[in-house]
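Taking it in order: structure first as structure tokens, then the write-up.
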Amino acid sequence: MATKLITQNNYYTYRITWSAEDKEYVGLCAEFPSLSWLGKTPEAALQGIRKLVAETVLDMKSNNENIPEPLSLIRYSGKFVVRITPNMHRDIAIQAAEAGVSINRVVSAKLATR
């Protein structure tokens with residue numbers, strides 16, 4: 001079972017960023033937002049956060065806690081609901097009508113330019 005968990009840890013979403021406050025690199029894991037690891041180099045931060053996640057997963061497993069599924073393994077439908085103001089909805093509907101496309105196409109194009 002430990003091998004499966006170690007392998008699963010390879011699929012989590014890791015990110016390394018610089019912390020001006022700490023003057024070190026910070027290793028983060030999207031599936032475990034409460035965890036972080038400081039390192040003098042990006043490589044050290046990544047190694048540290050990966051080890052911390054592995055230890056956390058083992059601890060959660062031993063306590064029969066739900067272990068987050070790696071985001072990379074989740075199948076997304078491509079559909080989600082967003083609430084906006086009625087005025088914004090109208091503006092987008094007008095843009096779509098003027099362009100001769102659907103509201104979804106307008107919103108998708110706006111998201112793609114982020």
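Rule-based calculations on the coordinates, nothing more; no lab input. What you see is a predicted model, and the numbers here were worked out from it, not measured in a lab. Ideal geometry is used to build each Cβ from the backbone, glycine not excepted, and the neighbour counts take in all protein chains shown.
Within region 29-63, being in contact (Cβ under 8 Å) with a residue 40 or more places away in the chain and part of a helix (DSSP H, G or I) holds for Arg50, Val53, Ala54, Val57, Leu58, Lys61. Of everything listed in (1) surrounded by 12 or more Cβ atoms within 10 Å (Cβ to Cβ); (2) closer than 30 Å to Tyr11 by Cβ, the single unmet condition for Val106 is (2).
Of all residues in region 45-69, those satisfying the criterion of being over 12 Å from Phe32 (Cβ atoms) and among the aliphatic types (A, V, I, L, M) are Ala45, Leu46, Leu58.
Among the residues of region 64-77, are any of a type in the set (D, E, K, R), assigned to a helix (DSSP H, G or I) and over 20 Å from the mean Cα position of the chain (by Cα)? Taking every residue of region 64-77 in turn, none turns out to be of a type in the set (D, E, K, R), assigned to a helix (DSSP H, G or I) and over 20 Å from the mean Cα position of the chain (by Cα).
Checked against the criteria, Leu73 counts as under 24 Å from Leu111 (Cα atoms) and not small (Gly, Ala, Ser). Among the residues that make up region 70-92, is at least one of them closer than 30 Å to Tyr12 by Cα, in contact (Cβ under 8 Å) with a residue 60 or more places away in the chain and surrounded by 12 or more Cβ atoms within 10 Å (Cβ to Cβ)? Within region 70-92 (the criterion being closer than 30 Å to Tyr12 by Cα, in contact (Cβ under 8 Å) with a residue 60 or more places away in the chain and surrounded by 12 or more Cβ atoms within 10 Å (Cβ to Cβ)), the answer is yes, since at least one residue qualifies.
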